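One structure is given below, encoded as structure tokens.
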Amino acid sequence: MIEGSVNMESRTKKSFKNAIFSMVGYALTILCSFVTRTVFIHMLSTEYLGVNGLFTNILNMLSLAELGIGSAIIYRLYKPILEKNEKKICELMNFYKKAYYVIALVVAGLGLILLPFLHYLIKEQPRIPDSLSVIYLLYLANSVISYLFIFKKSLIVGYQKEYLTSVITYGGTIALAAGQILVLLLTGNFLLYLAVQIAVTLATNVVNSMICDKLFPFQKNCRERLPKEEAKSIFKDLSALVIYKISGVVVTSTDNIIISKFIGLSSVGLFSNYTLIVNAVYALIKKGIESMTASIGNLNASGNVKEQERIYYAVNFMAFWIYGQIAVCLFVLINPFITLWLGKHYLLPLPVVVFIALNFYLQGITGIFAIFRNTFGLFTQGKYRPVFSAMVNLGASLFLVAKVGMAGVLMGTAISYISTFLWYDPYVVHKHVFQESTRKFYMRQAEYFLVVLAGAALSFLITNRIGIANPIANWVADAGITFFVMNALVLICFSRTPEFKRLLQNAGLLLRRKG
């Protein structure tokens with residue numbers, strides 16, 4: 001019992017420390033993004049925002065060439081690093097280097113092939129002085145450069161010195177924001193703005209490479225070749241990741257392309273302001289939650305099914321509480337925030353905001369389901385489910401955009417989450433790990449969603465009845481009301497549940513133990 005308690009305390013402490021470090025660092029990135037975007041909007045037109053959103057999504061689609069090879073290689077580095085087997089490390093690093101050079105060439109090739117067809121993805125050509133082809137080529141160059149030297153960064157991560165790469169990343173973020181803001185204020189030139197991005201991407205890669213060479217000089221001139229059988233084994237491991245990668249990109253990276261094609265680039269620009277906020281908040285939370293993955297995996301390796309199930313329910317309750325709270329805040333507060341930040345002419349209709357908030361909640365809780373599925377090693381069970389999800393998303397979005405516009409595109413994404421990820425991953429975990437029915441879990445998730453709906457409705461009604469002359473004070477008051485309403489509902493409905501008590505227990509461990 002004592003050993004189990006110590007292990008639980010250790011996992012809790014490490015998760016908490018990792019979460020704090022990741023979230024503080026990413027908060028700096030968010031701040032830089034908001035400052036840069038504010039200057040961008042004041043110096044350039046909304047159509048430039050649309051171009052930025054569209055080309056970013058296109059390059060995300062081309063990133064399919066990577067297909068998860070980075071994760072597979074880093075995983076294989078852990079054992080030789082532990083054993084101090086420099087020969088094997090060199091073999092892997094040499095393989096990794098060649099693989100990423102090929103990826104860079106493939107991305108460049110696919111990007112150039114797509115160049116003549118760009119006008120088919122845009123409903124109306126933007127009224128901007130710069131050539132769309134030149135802009136696209138600059139985005140493509142930045143994407144290709146990002147693959148150079150990345151294999152050396154992975155070696156630093158493998159040796160658990162990722163804090164060094166984090167310092168470089170956040171330093172690069174500050175330098176990028178400062179450089180781009182300076183270029184916009186002095187010249188207002190979008191092409192120079194993109195050139196700064198390319199320069200910073202190249203510089204951070206070079207610095208990471210130099211640090212890796214200094215820390216691990218043995219790998220500077222690796223000539224050892226990975227045995228063919230081991231190379232085949234790596235590609236076999238990748239096959240299970242490919243389908244998830246493809247479907248994930250389709251679900252998350254096609255909205256702007258569809259909006260551009262059927263509604264227009266200006267709408268992409270307006271939508272990109274909302275996605276900047278939503279993605280920043282989601283990534284910040286994800287940084288913290290992902291820090292628990294190793295702890296969850298450690299627990300799952302113990303084979304204590306009852307304890308695994310208790311943690312599973314507790315973490316899912318935590319996810320509902322966090323993502324539900326923020327989804328309600330997005331629904332109630334994001335339009336007033338956009339008004340304060342940019343002005344009323346940058347607002348999107350309320351139905352669009354509803355689906356932005358809903359998709360945030362669905363993406364968050366299904367992401368937790370995926371963490372458990374992966375840490376339980378359930379990779380092949382239902383491996384074609386992501387393909388179905390991508391097809392549903394694309395088909396529903398294309399059908400509904402003609403019926404209800406931008407809200408229809410986001411509705412298609414919600415339908416894809418609900419019809420696949422929301423129910424199937426829990427089913428796999430309960431069937432293969434807990435070996436019990438999912439009925440209790442589904443009922444609990446339904447209760448959670450009803451509380452989110454109630455929180456959104458109550459918060460919206462109350463905040464619309466309260467008006468304060470000062471707009472900033474009014475927004476702060478609305479935020480306080482929304483926060484209070486949602487948390488009050490959670491406490492009223494779930495404070496007696498085992499999941500709530502387990503979270504309190506872990507919080508108590510953090511408060512009682514130092515360091």
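Using 0.36 nm per residue of separation minus the Cα-Cα distance, give me the extension gain between N279 and D130 in nm, one decimal.
Working: separation 149, 0.36 × 149 = 53.64 nm, distance 2.79 nm.
The N279-D130 span can extend by a further 50.8 nm.
For the full complex of protein chains and a 1.4 angstrom probe, list S154, S495 by accessible area with the highest value first.
The residues order as S495, S154, largest area first.
Taking the Cα-to-Cβ direction at L118 and at S166 and moving 7 Å from each Cα, how far apart do the two end points lie in nm?
3.7 nm
In the range 83-159, carbon and sulfur make up what percent of the accessible area (probe 1.4 Å)? Walk me through the numbers on the way to the answer.
Working: 2560 of 3870 Å².
Carbon and sulfur atoms account for 66 percent of the accessible area of the range 83-159.
Pulled fully out, how much extra length does the chain show between V206 and M391, if you take 0.36 nm times their separation in residues and subtract their Cα-Cα distance? Walk me through the numbers on the way to the answer.
Working: separation 185, 0.36 × 185 = 66.60 nm, distance 3.94 nm.
Once the chain is fully extended between V206 and M391, it gains 62.7 nm.
Rounded to the nearest whole Å³, what is the per residue volume of the convex hull around the Cα atoms of the range 425-496?
103 Å³
Measure off, as a whole percent, the carbon and sulfur share of the 1.4 Å-probe accessible area of the range 322-465, all protein chains present. Could the numbers behind the result be given before it?
Values: 4310 of 6200 Å².
Ligands and nucleic acids excluded, carbon and sulfur give 70 percent.
Taking every pair of distinct Cα atoms and averaging 1/r, then inverting, what Kirkwood hydrodynamic radius in Å comes out for the range 132-214?
Value: 13.6 Å, from the Cα pair sum.
What's the center-to-center distance, using Cα atoms, between the range 161-192 and the range 427-471 in Å?
The range 161-192 and the range 427-471 have Cα centres separated by 38 Å.
Once you put a point 7 Å from the Cα of L450 and another 7 Å from the Cα of W423, both along the Cβ direction, what distance in nm separates them?
About 1.8 nm, to one decimal.
Over the Cα atoms of the range 319-412, what radius of gyration and what Dmax do you get, in Å?
Rg and Dmax of the range 319-412, Cα atoms, are 16.3, 48 Å.
Based only on Cα atoms, what mean projected area does the convex hull of the range 388-507 have, in nm²?
11.2 nm²
Would you mind computing, in nm to one decimal, how far apart the modelled labels at L185 and L504 are, each placed 7 Å from Cα along Cα→Cβ?
5.1 nm
As an exercise, use a Förster radius of 35 Å and the Cβ-Cβ distance of L105 and L340 to find the FRET efficiency, rounded to the nearest 0.05.
0.15
Apply the a/c threshold of 1.5 to the C-alpha gyration tensor of the range 94-233 and tell me whether it is rounded, prolate or oblate. Please report the intermediate quantities before stating the final value.
Working: a/c = 3.42, a/b = 1.49, b/c = 2.30.
Oblate, since a/c reaches 1.5 and b/c is not below a/b.
Could you sort Y312, Y282 by accessible area so the largest value comes first, with the probe set to 1.4 Å?
Y282, Y312
The values are calculated or read from the model by the stated rules, or taken from the named source; none is laboratory data. The structure displayed is predicted, hence computed values, not measured ones. As a convention, Cβ positions derive from the backbone with ideal geometry for all residues, glycine included, and neighbour counts pool all protein chains shown. Calculation scope for accessible area: heavy atoms of the full protein, side chains included, ligands and nucleic acids excluded. Shrake-Rupley method; radii C 1.70, N 1.55, O 1.52, S 1.80 Å.
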